[in-house]
Amino acid sequence: MSERRAAGGRPSFANWMGSLWGYTILRFAMFFALWGLLVLVGLKGLIAALIALVLSVPLSLVLLAGPRARVAQQVEARIEASRAARHELDSRLDPENDEDPPPTQ
């Protein structure tokens, strides 16, 4: 899967926000769909909302694994790009110190 990048090789902010908003909208849609189904079944108001909330969490872990993985991939790409840019700046500011940065945990 190719990832769109902004000028300069950095991950696109718009692409990251798009995947984040897409995942958020899907989570809300799942909650409201479950809430609507529970109201149709006969549960009322707050009880239906609480049960829909409890059901939407595990269902989203299974059904929304793809969108969640895309959000995580975007976040990881942005972090790695930031680390690479920082390392490049460090090497430009101190060219004599060309050793690798310490490993992150």
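The values are calculated or read from the model by the stated rules, or taken from the named source; none is laboratory data. All values derive from a computational prediction rather than experimental measurement. As a convention, Cβ positions derive from the backbone with ideal geometry for all residues, glycine included, and neighbour counts pool all protein chains shown. Protein only, heavy atoms only, side chains kept; ligands, DNA and RNA dropped before computing areas. Shrake-Rupley method; radii C 1.70, N 1.55, O 1.52, S 1.80 Å.
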Selected residue [open to solvent by less than 100 Å² (accessible area, probe 1.4 Å), modelled with pLDDT under 90 and touching a strand residue (DSSP E or B) at 6+ places or on another chain (Cβ under 9 Å)] from Arg78, Arg5: Arg78
Long-range neighbours under 7 Å by Cβ, at least six apart or interchain, first residue within 25 Å of Met17 (Cα to Cα) within the range 77-91, second in a helix (DSSP H, G or I): Arg78/Trp16
Within the range 23-73, tally of residues that are touching a residue at least 24 places away in the same chain (Cβ under 8 Å) and either open to solvent by less than 60 Å² (accessible area, probe 1.4 Å) or in contact with a strand residue (DSSP E or B) (Cβ under 7 Å, 6 or more places away or on another chain) (or both): 9
